[in-house]
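The values are calculated or read from the model by the stated rules, or taken from the named source; none is laboratory data. In this text, all values refer to a predicted model and were calculated from it rather than measured experimentally. Here Cβ is always computed from backbone atoms with ideal geometry, including for glycine, and neighbour counts include all displayed protein chains. To get the accessible areas, we keep the full protein, side chains included, count just its heavy atoms, and leave off ligands, DNA and RNA. Shrake-Rupley method; radii C 1.70, N 1.55, O 1.52, S 1.80 Å.
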Amino acid sequence: MVQWRSPLSPEQKKEWQPISAKSKSGAVIKGLFAKSKTIEEKGTIVLGHPMGKEAKGYFIKYGYTDLLRENGFNTVVFDINGFGESAHGNFSYHEDIVAIGIKASKLTPDIPIGYHGISLGGQMATIAFADTTHRYNFAIVESAATTLEDFWIKFPVAYKVLTLLNLLLPKYRKQVRMIERIKEAKNLQSLLLIYSKSDAWVSVEMGRKFKENCPVETELWIVDNAEHASIMKSEHRDDYANKILDYFDTSIKRLALAQN
């Protein structure tokens with residue numbers, strides 16, 4: 001929990017609109033909205049960050065927002081509660097993802113809403129997609145663990161705390177068991193799962209399990225060599241960027257066909 005620092009220059013900040021949304025987690029969620037850099041606005045993409053002090057700045061720093069905006073997409077970045085500029089709520093991070101999606105749909109009510117979540121932002125999205133009020137038409141879930149235990153087992157102290165919480169809060173444990181909640185996914189047209197074979201924290205097998213359990217059309221895309229939540233910084237950067245854009249473009253075209 002550190003003070004968040006924006007990676008935007010004073011000139012860049014002029015392109016971004018501060019936004020906020022009240023979440024059922026009990027927190028006010030802070031975010032930023034920027035329009036596409038093209039005349040056409042294909043859709044709005046909400047970006048859910050991995051765990052870390054960069055929070056929503058992760059996507060700005062590593063070029064995701066520029067990539068999307070230069071190719072016709074509005075972007076929303078936000079801080080999960082307790083991170084960045086968002087207030088503290090509870091551990092129901094999926095409620096933040098639902099809340100910011102509803103906010104995005106109000107900002108751009110006449111175009112599709114997509115989601116891209118990485119690690120924490122991805123695994124919590126698998127729970128958010130079970131909520132009937134979420135506004136996402138299609139989504140990318142990247143480097144997501146199938147359960148909290150699967151992720152935190154590599155961190156002994158945190159794992160012991162999690163084990164204790166599971167004993168004290170058995171109902172909550174069931175509520176946030178991602179591999180089970182993905183079975184309840186609704187309103188999504190499709191899902192793209194992205195994993196790396198060399199990820200030391202999250203295995204490709206977890207992606208396969210999500211694919212097997214997801215009730216909507218799901219693709220699993222795998223890269224050979226990238227650290228956890230770091231594909232944009234890897235040798236696969238170009239292929240990865242092209243895959244993201246192709247998925248969002250294809251999803252929007254399919255959605256338009258389905259509506260006609």
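Structure summary
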| item | result |
| --- | --- |
| Tabulated pairs, the stretch 111-133, first free of Cβ contacts under 8 Å to residues at least 40 places away in the same chain, second part of a helix (DSSP H, G or I) and not hydrophobic (A, V, I, L, M, F, W, C), C-beta under 7 angstrom, 6+ apart or interchain | Ala128/His94 |
| Candidate set: the stretch 134-154, residues that are within 15 Å of the chain's Cα centre (by Cα) and of a type in the set (D, E, K, R); chosen: the one farthest from Thr44 (Cα to Cα) | Glu142 |
| Answer from Lys35, Lys24 - the residue that is surrounded by fewer than 17 Cβ atoms within 10 Å (Cβ to Cβ) and touching a residue at least 60 places away in the same chain (Cβ under 8 Å) | Lys24 |
| Residue check, Glu41 out of contact with any Leu (no Cβ under 8 Å at 6 or more places or on another chain) and under 22 Å from Lys243 (Cβ atoms) | yes |
| Condition check for Ser86: modelled with pLDDT of 95 or more, crowded, with 24+ Cβ neighbours inside 10 Å and among the hydroxyl-bearing types (Ser, Thr, Tyr) | yes |
| Candidates Lys186, Lys160, Lys233 - the one that is at negative phi and more than 18 Å from the chain's Cα centre (by Cα) | Lys160 |
| Inter-residue pairs, beta-carbon under 6 Å, first at pLDDT below 95 and of a type in the set (A, V, I, L, M) and in the stretch 1-17, second part of a loop (DSSP other than H, G, I, E, B) and open to solvent by 100 Å² or more (accessible area, probe 1.4 Å), 6+ apart | Val2/Lys53 |
| Condition broken by Tyr172, with the remaining ones in (1) within 21 Å of Lys24 (Cα to Cα); (2) under 16 Å from the mean Cα position of the chain (by Cα) satisfied | (2) |
| Per-region count, the stretch 231-257, residues of a type in the set (Gly, Ala, Ser) and surrounded by fewer than 16 Cβ atoms within 10 Å (Cβ to Cβ) | 1 |
| Complete set of residues in the stretch 29-76 that are over 20 Å from Val202 (Cβ atoms), within 15 Å of the chain's Cα centre (by Cα) and in a loop (DSSP other than H, G, I, E, B) | Lys56 |
| Residues of the stretch 102-143 classified as within 18 Å of Tyr64 (Cα to Cα), outside any helix (DSSP H, G or I) and not aliphatic (A, V, I, L, M), total | 8 |
| Qualifying position, being touching a Lys or Arg at 6+ places or on another chain (Cβ under 9 Å) and open to solvent by 40 Å² or more (accessible area, probe 1.4 Å), among Thr132, Thr147 | Thr132 |
| Residues located in the stretch 1-21, provided they are assigned to a loop (DSSP other than H, G, I, E, B) and open to solvent by less than 100 Å² (accessible area, probe 1.4 Å) | Val2, Trp4, Ser6, Pro7, Leu8, Ser9, Glu15, Trp16 |
| Flag for Ala200 being out of contact with any Phe, Trp or Tyr (no Cβ under 9 Å at 6 or more places or on another chain) and farther than 22 Å from Leu47 by Cα | yes |
| Matching option when the condition is part of a loop (DSSP other than H, G, I, E, B) and of a type in the set (Asp, Glu), among Glu205, Glu219, Glu235 | Glu235 |
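Conditions tested, residue by residue: (1) loosely packed, with under 15 Cβ neighbours inside 10 Å; (2) more than 21 Å from Asn137 (Cβ to Cβ).
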residue	(1), (2)
Val161	yes, yes
Val204	no, yes
Lys209	no, yes
Trp221	no, no
Ala226	no, yes
